[in-house]
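Read the figures in this text as sums done on the coordinates, not as results from a lab. Computed from a predicted structure; not experimentally measured. With ideal geometry, Cβ positions are generated from the backbone for all residues, glycine too; neighbour counts draw on all protein chains shown.
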Amino acid sequence: MYEQLVHINERPFPFSIYTADTLWTDPHIAQQMLQTHLDQDTDLASRRLSFIEASVAWLQQRFNIGPGTRLADFGCGPGLYTTRLAQLGAEVTGIDFSENSLRYARETAVTHHLPIDYIHTHYLEFHSDKRFDLITLIYCDFCALSPAQRQQLLGIFRDHLADGGAIVLDVHSLVEYDNFEEGVSYGRNQSGSFWTDEDYFSFTNQFKYDAERVTLDKYTIFTPTRIFEIYNWLQHFDQDSLTAEFTANGLTITDWYANVAGEPFDPQSPTIAVVAQKP
């Protein structure tokens, strides 16, 4: 027991353990994730529809989205953006690792008679002959990736951009990093039935890494039949660090915003959104 407690409370090296796949491949957790995406009382997996509608309206105006626009949404989830963008007449591709979420997205596309091309793959492994006028990565997905994974993904974006095409993504800012507090909690069924439909006990550890500007929510779950861990890493950025990563991959950030609804850039915003292009 002592050794287990030591392990639970250890501070791992940033991004040294990757468990994001569990959120999308574990049948029970994947279903809980889908329900959280669709829940209008929380922003924990997707932002509420009011924000999404404002975001799509801004994207349409900013990039003149309509018939003939070739668009790819990486990490599209249940299609909350892709559905609305396709309704504008765009030629839409959605990429996601969650078979469960894509099933919902495809059913929605059929219901609305939308010819969306949904691709079930990890977006770090995406390759296509298609070239896109607009590539989106929304809900700060970029921050959940390690430095090496971020470089890989930016390379994929660059290679799949059409001439004159643009990338839009958002990230967590240092304001949000500063507001994050370290801590540890323990309890029985702390997150309700989110992790499992079994009875369980869990530890939640929250770590900050000042040198890297990274945070970690680490969950250790004990059920009668198994023990498993979830590591939720988040990188936080300022303008300089984000510019450096894009520049290193042959991309230029052309515009800065507070969020993907196009609100003006604000140094006090918890998020930063950018538009980037190939030079």
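Here are some notes:
- Those residues of segment 159-185 which are in a strand (DSSP E or B), surrounded by 11 or more Cβ atoms within 10 Å (Cβ to Cβ) and hydroxyl-bearing (Ser, Thr, Tyr), in sequence order: Ser173
- Within segment 174-206, the set of residues being more than 16 Å from Glu229 (Cβ to Cβ) and among the aliphatic types (A, V, I, L, M) comprises Leu174, Val175.
- Just one of the listed residues (Phe51, Phe15) is on the phi > 0 side of the Ramachandran plot and surrounded by 13 or more Cβ atoms within 10 Å (Cβ to Cβ), and it is Phe15.
- Residues located in segment 55-80, provided they are under 17 Å from Val274 (Cα atoms), surrounded by fewer than 17 Cβ atoms within 10 Å (Cβ to Cβ) and of a type in the set (Gly, Ala, Ser): Ala57
- Where helices (runs of 4 or more DSSP H) fall entirely within segment 1-99, those with at least 3 residues that are within 23 Å of Phe207 (Cα to Cα) and not aromatic (Phe, Trp, Tyr) are at 2-8, 20-25.
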